[in-house]
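What follows draws every value from the coordinates through simple rules; no lab data is involved. A quick note: this is a predicted structure, and the numbers were derived from the prediction, not measured. Virtual Cβ from ideal backbone geometry, glycine too; neighbours counted across all protein chains shown.
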Amino acid sequence: MSHRPKWWRRLAVPVSVLLLSGGLAAPARAGGPTPTVVDTARGHGDVVSPVFCLWGDHVREHPEVVRRIAAEGQVLCNHSMHHDDLSVLTPEQIRADLVETSALIRRAVPHARIPYFRAPYGSWGQTPQVAVELGMQPLGWRLAITDWEPPGTDVLVQRLRDGITPGAVVLLHDGGGDRSQTVEAVDRIIPELRAQGWRFTLPRRRG
Ligand SMILES: [Zn+2]
């Protein structure tokens with residue numbers, strides 16, 4: 001059923017699932033991660049540790065969703081205030097943006113741990129150094145399944161099946177539009193991969 005080499009299937013390999021808020025294709029009218037994705041993550045709670053990358057604008061609109069994510073033990077990631085391209089900013093400007101975002105998250109969830117930062121569009125510029133100074137690990141990804149242009153759940157499941165590799169961080173999208181295909185794809189692929197011996201964990205901390 002899989003063209004993957006057999007040893008991959010036998011190996012218990014770490015895979016991180018990354019869910020992030022905010023739409024690339026659709027304006028973020030509803031904003032923020034949808035409760036549906038939080039539910040899906042919780043449904044596989046003991047085996048999956050998604051990281052939710054939040055924009056400050058969405059956190060301000062939907063602090064209750066942030067509280068749910070944190071209350072259910074999921075992990076938070078700073079994804080900037082407005083999803084701007086931060087590569088054109090100075091370190092001081094970047095710092096102001098990241099500090100404001102984290103402060104909003106902590107207004108919703110006092111003392112929240114925010115171990116990761118992800119640059120909008122993967123446009124890093126000088127953000128990695130600033131993020132590290134603020135105690136956050138810059139978080140890249142290896143597999144994106146282009147779920148912001150939903151091609152149908154079957155296609156998304158197949159892209160996950162074909163594209164996942166040991167240690168890969170997988171980029172999925174939540175919020176900013178109808179994400180039901182992503183939710184269904186996650187719900188289907190996790191049991192399948194689990195049955196093959198895959199494990200899901202948090203992205204490795206560097207250094
Ligand atoms: Zn983004």
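Note on the stretch 144-179: among residues that are among the polar types (S, T, N, Q) and closer than 28 Å to HIS62 by Cβ, the one that is surrounded by the most Cβ atoms within 10 Å (Cβ to Cβ) is THR153. Within the stretch 81-100, can one find any residue that is over 30 Å from TRP198 (Cβ atoms) and touching a Lys or Arg at 6+ places or on another chain (Cβ under 8 Å)? Checked against the condition, which is being over 30 Å from TRP198 (Cβ atoms) and touching a Lys or Arg at 6+ places or on another chain (Cβ under 8 Å), the stretch 81-100 yields no hits at all.
Listed by first and then second residue, the pairs linking a residue in the stretch 128-142 that is touching a residue at least 24 places away in the same chain (Cβ under 8 Å) to a residue that is surrounded by fewer than 16 Cβ atoms within 10 Å (Cβ to Cβ), with Cβ atoms under 6 Å apart and 6 or more places separating them unless they lie on different chains, are VAL130/PRO91; GLN137/ARG205. Applying the set (1) part of a helix (DSSP H, G or I); (2) over 12 Å from SER80 (Cβ atoms) to GLY135 leaves exactly one unmet item: (1).
Taking only the stretch 101-127 into account, find how many residues are touching a residue at least 40 places away in the same chain (Cβ under 8 Å), out of contact with any Leu (no Cβ under 7 Å at 6 or more places or on another chain) and under 11 Å from ASN78 (Cα atoms). Going through the stretch 101-127 one residue at a time, the tally reaches 3.
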